[in-house]
Structure formats: C-alpha cells, structure tokens
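For reference, the structure discussed in these notes is given below.
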Amino acid sequence: MDILQMSLLGAVLISAVVIVRALTLHKLPKKTFLVLWGVVICRLLIPFSIPSRFSFYTSIDMLKRAVTETTAFTAPVKTTGIPNMGAAPALEHTIGIGAPVVSVLPVTVIWLAGMCACALFLIVAYIKCRREFQTALPVTNNFAAHWLREHPMRRTVQIKQSDKIKAPLTYGIFRPVVLLPKTTDWTDETRLRHILTHEFVHIKRFDALTKLLLASALCIHWFNPLVWLMYVLANRDLELSCDETVVQTFGETMKSAYAMTLIGLEERKNRLPPLCNNFSQNAMEERIVSIMKMKKTSLIGMILALALIIGVPAVFATSANTAGQTDDQDPSVRRLVLLRAANIDDQTARAMSGQATMSIFDQATGKDRISWDEGKTWMTVEWYSYDEYKTWLEQEKENLQAVVDYEQSLTGEKGRPVSGDRFVWNQGLMDEVVRQYERVLRDIKNGALVTKSIDGRDVDASMLDDDDDVMMTFAIENSGFKRTW
C-alpha cells in the first residue's frame, strides 16, 4: 500500500469522523472523538489492510459487480516476428498507476520536498520555542509545591514561569513542564486549580505524544487538505476533552467559573507553539459552548459512543473483504476471465470467458486443474508467481525497446501507428503495452492468477505466437482461489 492509497483511504475515514463530529459534538463524551482520531492516525501512518465484510469498500465492490460484467474477453492476437509485427493488443487507458518511472519520479520528488519542508518548519519552530522556554524559572511558592504533592506522577513534573508567554501551556513528554506566564496571579487559587488541572490532564494522557503523531501524519500527507482539517479538529478535541475532565472534576456548578477562566486567558492569548499543549486554543467559542452544554453522559449516550467507536473504524478503516466471496454455485466453481488467446474458435472463447468454470487442486502434482465445460474437458494449469512475472516483464521491456529502436532505424522517424498492412511500433505504443503488463503484475500481487503453462506447455505472457497450440492467459476473478507464493 503506497502513500497515495493510504492518503485516499485516510481521507474517506476523516470525512466520516468529521460528519460524526458535526452531528454529535455536544451529545457524546469528547473522548469518543479522540479514539476516532487515533484510528485515523493509524490509518495514515501504518500501511495496514484489515478485510471486513462490513467495510465501506466491500459495499463498493458489491455495487461494482452488480452493475458491470464479471468477465471480459480480448480479441486474439497474432505476431509474425520482427520486423513485421502483428496487430497490437487492445489497450486500456490507465491513469497514474503503472506509468513509466520518468513520469513518477517528479511526483515523488515533489512529495519528498513538501514533507521535508513541512517537517523542517515544525521542528525549527519547536526548537525556537524550546529555547525560549529554557529561560523560564521554577516556581517556588507554597501553592505550586502543595499542588505537586497532591498530584504525584511517575514522571517528574515541573511548574515554571516565563515572561515569553501570555497563556499557560505544557511541553515535554518524558519530563513535562507546565509553563505559566510571569504575570500569573497566585492569589486567585480557583483559577490556578482550573489551569493546573487542565494541564495535568494533558500530561496524564500523553497529549504531547499525540500532537507529535498528528504532526507526523501532517508532514507525510501534506498534500491532502483533509489531513490538515484533521490536524486542526483533533487539536481542538484534545482541548475539549480536557475541558470536559476539568468540569467533571470540579462539578457542573463550576462551569461558569471555568468558562470565565478560559475567556480571561483568551484575551491574553499568544502564538501557539507547535507540538505543545496550550491552554488557550483557537475556536474559543466552540469550547465555551461545549462547556455550557456539558451534562452527565446518559446510558444511551455511552451506548452510542461505543457503537461509533466500533462501527466507524469497522466500516471506514478496513478494506474490502474478498476472501469470503463465492459464486452462487458450488464453492469449487470459480469464474475465469479470458485475457487473450490464439487460434480459439469464437464458440469456445465465448464459453471460456462467460461460463462458470470448475477448478480442483491436484495434490499429486501440486497444480490446479480447470474446466470450462462442466468437467467434460480438463486442463492442468501452472500459475505465474509475482516474482516470475516481474522478471519476465523486465526482460519484455528490453525486448520491446529493441523493437522500437529497430523500427526507428528503418524509418528514420520516431515511428508511425501503421504502415500499409504492417504494424509499426513507436515509444508511445510501447509505454501503453508496458502499462497493460504492469496492470497484470499488480493483479497478480492482489491475488489474480495468470497462467504460466497449460498441460505442460508454456504460455507466452505477451502477444501470442501464430501456431496451432491453444495458449491462454487467465486471471482469477474470485480471490478466494488464491495461491500463496
């Protein structure tokens, strides 16, 4: 699974979470959204694939099969060798995937440049803020010392003051520091308790680490606008969840006082240091509304939250389930798609491309036997492994390039589509053919079966020879008929 695939799958999941968040923000515990954002981070950073029958993509696949044909047949191809090449195979247009390296390289370079620029910006900004924070002085008053004794933690926590900031914040993962403005009023103990409780919640939950993971996902998927949206909303939800914990700690009667604390800090808000937990964040109105609407979670709310935590990842974070899909007939019956053939009569070709074909595994030979006429005729088939087809493809690229060079030497031009009754290769046509072969290679990697030999006779994986042998290339459509290489 490449970065683009991960980003697209992540975008679908982000969209689902954003919709759920918009509909239930003030109705569910805020931890619900933190769990969902955690799943999104995993989807963006880990190239995993968990098949599920409940997956959104399983439904998409089922819809595709319902509206499209399940088999395809490509007309026979004949070749007569170099320099008099036969008609080219039917080509299918592909977009992006399988393009020549020369067209992929600039995209890769741009992605790497963007990722490095984004990471460099965040790192430089954090280092700059960290240097400023190191000038902070430890707080030595009785309230701070008493607070630390009442709230012991396994990690060493320090409370410091700095004249470089105007609102409280927390930084550090293993040795966290609560940084307060130098102008902090130490006589207002109610406000201080609100502030320190909020920051200690950040520390207990390792929110600094969560922010680091969010920043990593942002750097890797900087080109995806939905990832930027995730970064903003996830940071907001970290603050909302901490607000919720503070209100639960002090009781709902303190909601107004806590809201006034936030408003007072918002008036003195400074810039937001990256990778730090800042008490004063954007979307203050959202925080105030959330605090004032906060109520004790009901049983129905808890059940709904649990259902969303299980359901959203199960539907949008999983991949299509193909292993359990079978035909409506006997489980041993599989559909084979005829990709190309030589010297097969039309009736046989139609039967092979459209009729359900039986398959059995011969344990004696370790090979598969297939039949397209309900068991009347059987063929012993050996399938290409991914590495075998890849090796063949690399050699075929060299052969095709030699053909193109030969045609150019004859015509003195870059090649023409046709020349009388004779087909003439050019570079563009070669690239199209190579893309078609690369698509077959990807199909093999995804579980498709492509014949290497039939009844002991090797099958030409490219355009087929002009002889009397019946040579066929099949791709299995039902991935339940996979072989592990």
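All of the numbers you see were taken from the coordinates with simple rules; none came from a lab. Here the structure is a predicted model, which means the values were calculated and not measured. Quick reminder, even Gly has a Cβ in these numbers, built from the backbone with ideal geometry, and neighbours come from all protein chains shown.
Brief remarks follow.
- Of the peptides 226-239, 49-62, 202-215, 292-305, the ranking by mean beta-carbon count within 10 Å, highest at the top, reads 226-239, 202-215, 49-62, 292-305.
- 3J(HN,Hα) along region 29-35, derived from phi through the Karplus expression 6.51 cos²θ - 1.76 cosθ + 1.60 where θ = phi - 60°, amounts to x, 5, 5, 4, 6, 5, 5 Hz, with x in place of Gly and Pro.
- Entries in K204/K296; K27/K295; K376/K452 that, when Cα-Cα distance is taken, lie over 18 Å: K204/K296; K376/K452
- For V157, net neighbour charge (Lys/Arg +1, Asp/Glu -1) across residues whose Cβ lies under 13 Å away: +4
- Taking label positions 7 Å along the Cα-Cβ direction at both R369 and L120, the computed distance is 6.5 nm, reported to one decimal.
- Length gained on full extension, S385 to E285, computed as 0.36 nm times the residue gap minus the Cα-Cα distance: 30.1 nm.
- Reachable lysines, given that their alpha-carbon falls under 17 Å from the alpha-carbon of K211 and they are not under 8 places away in the same chain: K30, K31
- Over all other residues within a Cβ to Cβ distance under 15 Å of K397, the charged ones net out to -4, with Lys and Arg as +1 and Asp and Glu as -1.
- Karplus-derived HN-Hα couplings along region 146-156 (A = 6.51, B = -1.76, C = 1.60, θ = phi - 60°), whole Hz, x at Gly and Pro: 5, 4, 5, 5, 6, 10, x, 9, 5, 8, 6
- Highest mean packing comes first when the peptides 178-184, 381-387 are listed by Cβ atoms within 10 Å, giving 178-184, 381-387.
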